[in-house]
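Inspection log for the structure reproduced underneath, given as structure tokens.
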Amino acid sequence: MADRDYLNYIDGTWRAPASGIYLDTIDPATEEPIARFARSDASDVDAAVQAAHRAMAGAWSRLTPAERGRMMFRLADLIAADRDRLARLETLDVGKPLKDSLGDIDGVVGTLRYNAGAADKMEGATIPLGPAFIDFTILEPLGVTAHIVPWNFPLGMAMRSLAPALAAGCTCVLKPAEQSPLSALAFADHIEAAGFPPGVINIVTGLGEEAGEALVRHPLVRGITFTGSVETGRRVMAAAAHGIKPVVLELGGKNPMIVFADADIDRAVADAAMASFENCGQVCSSASRYLLAPQIRDEFIEKLSTKAQGLKIGPGIEDYDLGPLVSKEQYERVRGHIAAGMAAGARLRQGGGRPSHLNRGYFVEPTIFDRVAPEMTIAREEIFGPVGVAMDIADEDQAVAIANGLGYGLAAGIYTRDIGRAMRLSRRLEHGSVWINGWWMGGVQAPTGGMKESGIGRERGLAGIRNYLEVKNVAIRI
Ligand code: NAD
């Protein structure tokens, strides 16, 4: 059980929701409520945005970028010192193994430190207009920014957009997902101690269509970063269009892992076991489609099935390899996809059910299908569970056609020892990240994001900070 009811964090203080209504957050390993948090409405969101607006005009805007950076370094140190508590809350709230949550908190600290160090390194340009002029650009913070995040990496996704916004000099209102508000609220315990003026970082919890929508539509919000599903991304973009607000959209994926006959199969299998099943497959960039040369298909599936069988499943707090899915809704969705795959005639090679030793909690076995046709729903839709589907590829052209054949374009992996082929494919694949002979390579320094319906804009790296900066051009006649 978490240690308290969680209120909104607005203008540097904890505030009850105006409606007085609270929601339960559930431990997905036990199906029991663990804490209550505020169900915020438009008036709570307005209070948070007004606080962020005032902060934008106050002490925050008078700080040098280096001073902002130092606050962020202090916040990183405080979060690092609180690593165990934050990780436990994350695990209780979303189910992931404790070691994964600890890794996520380390990632949060790394993200803050990277962006803190970059705060005073975002430079404008001088433009050569000729001897009669001096022309230069100034990079100015957008202003109040909204950050709407999903539940799969609650604090990680939050910090991925908060940290660059702070580095750029913006103020922020964060809306965590309703399934996983605890870590975002717990990290707020450190905001004041790190030295941030009130109103620079605000956190309002609640439902997407209520608090999230009110945030996106608020006229004082000048930029929106949304991480979540394609469907919600469309709604957010449509609402943002009304106020002509820039959006960064980090949306879903159905990511192909392409394995050719000349690949290091053991490497590919080890990566598939990690990238398909870690976080129970609830990762936007998980490996969810295996596009396999027929010569290595059986070896790949057999070795991957053996690895999947070896994964121990149980409550994340006891640090098993695989925890539960985040919610009942997600559990039913994933089970529905598995049933649809079987009904469509795909061959179930591994898993597919609920582990027999667990009679409560949203647990699903790691699952592998082969003999999957590209037209089947399980080959086309994001399942967001521990499910991989295998298809044959005859050659490079067919691999590209299947890999690029969906609306998604988030991430792709190529496994081959032929460097020419790897380079040809990396150019042809319509995916924001392409990995060669590895998966999830790159860290906070490397930009990430989707092509096509997987998103707009890039997070991480210096590109992530530029999302929060306006370019102003100043021209002087001399
Ligand atoms: P979701 O779209 O249902 O919800 C995401 C967030 O949006 C939540 O905070 C929710 O409350 C809020 N929301 C819902 N309706 C809203 C509305 N009308 N207006 C404003 N906000 C609203 O997504 P989810 O199911 O929580 O997350 C899973 C999805 O996130 C998957 O599709 C996954 O691929 C994607 N994701 C993408 C990335 C990436 O970097 N590309 C990273 C993580 C997750």
Quick one: how many residues across the stretch 384-409 are open to solvent by 10 Å² or more (accessible area, probe 1.4 Å) and either within 16 Å of the ligand (Cβ to nearest atom) or outside the structural domain of LEU292 (by TED's automatic domain parsing) (or both)?
4
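For (1) of a type in the set (Asp, Glu); (2) within 22 Å of LEU89 (Cβ to Cβ); (3) in the same structural domain as VAL364 (by TED's automatic domain parsing), each residue gets a yes or a no:
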site: ILE10; (1), (2), (3): no, yes, no
site: SER19; (1), (2), (3): no, no, no
site: ASP24; (1), (2), (3): yes, yes, no
site: PRO28; (1), (2), (3): no, yes, no
site: ALA38; (1), (2), (3): no, yes, no
site: VAL49; (1), (2), (3): no, no, no
Scan (1) touching a strand residue (DSSP E or B) at 6+ places or on another chain (Cβ under 9 Å); (2) open to solvent by 10 Å² or more (accessible area, probe 1.4 Å); (3) on the phi > 0 side of the Ramachandran plot; (4) modelled with pLDDT of 95 or more for the single condition LYS452 breaks and write down its number.
(1)
Residue hits (the stretch 165-199; surrounded by 22 or more Cβ atoms within 10 Å (Cβ to Cβ), more than 15 Å from the chain's Cα centre (by Cα) and either without any contact (Cβ under 8 Å) to a residue 12 or more places away in the chain or assigned to a helix (DSSP H, G or I) (or both)) are ALA165, LEU166, ALA167, ALA168, LEU182, LEU185, ALA186, PHE187
Residue check: is ARG217 more than 11 Å from the ligand (Cβ to nearest atom), over 21 Å from ARG85 (Cα atoms) and of a type in the set (Lys, Arg)?
no
Check ARG54, ARG85, ARG62 and return the single one that is closer than 26 Å to CYS170 by Cβ, touching a residue at least 40 places away in the same chain (Cβ under 8 Å) and open to solvent by 50 Å² or more (accessible area, probe 1.4 Å).
ARG54
Counting only residues that are surrounded by fewer than 23 Cβ atoms within 10 Å (Cβ to Cβ) and part of a helix (DSSP H, G or I), the stretch 201-243 contains a total of 16
Top-ranked residue of the stretch 304-329 - restricted to ones that are assigned to a helix (DSSP H, G or I) and hydrophobic (A, V, I, L, M, F, W, C), ranked as surrounded by the most Cβ atoms within 10 Å (Cβ to Cβ):
LEU304
Could you say whether any residue in the stretch 120-133 is closer than 25 Å to MET441 by Cβ and either exposed (fewer than 13 other Cβ atoms within 10 Å of the Cβ) or not assigned by TED's automatic domain parsing to the domain that holds ARG466 (or both)?
yes
Of all residues in the stretch 244-253 being more than 6 Å from the ligand (Cβ to nearest atom) and assigned to a loop (DSSP other than H, G, I, E, B), the one that is surrounded by the most Cβ atoms within 10 Å (Cβ to Cβ)
LYS245
The listed residue being of a type in the set (A, V, I, L, M), more than 9 Å from the ligand (Cβ to nearest atom) and not assigned by TED's automatic domain parsing to the domain that holds PRO374, out of ILE191, ILE265
ILE191
Please go through the stretch 356-370 and give me each residue that is surrounded by fewer than 19 Cβ atoms within 10 Å (Cβ to Cβ) and in contact with an Asp or Glu (Cβ under 9 Å, 6 or more places away or on another chain), ordered by number.
ARG360
Can you report the number of residues in the stretch 455-478 which are closer than 16 Å to ALA158 by Cα, in a loop (DSSP other than H, G, I, E, B) and either at pLDDT below 95 or away from the ligand (no atom under 15 Å from the Cβ) (or both)?
1
Looking at LEU162 and the list (1) surrounded by 24 or more Cβ atoms within 10 Å (Cβ to Cβ); (2) within 22 Å of ALA29 (Cα to Cα); (3) not small (Gly, Ala, Ser), which single condition is not satisfied?
(2)
Check whether at least one residue in the stretch 330-349 is of a type in the set (Phe, Trp, Tyr) and open to solvent by less than 50 Å² (accessible area, probe 1.4 Å), and report yes or no.
yes
Is it the case that MET441 is free of Cβ contacts under 8 Å to residues at least 60 places away in the same chain and farther than 26 Å from ILE338 by Cβ?
yes
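The values are calculated or read from the model by the stated rules, or taken from the named source; none is laboratory data. What you see is a predicted model, and the numbers here were worked out from it, not measured in a lab. Note that we place each Cβ from the backbone using ideal geometry, even for glycine, and neighbour counts take in every protein chain shown. When the accessible area is computed, the model is the full protein with side chains, heavy atoms only, and any ligands, DNA or RNA have been set aside. Shrake-Rupley method; radii C 1.70, N 1.55, O 1.52, S 1.80 Å.
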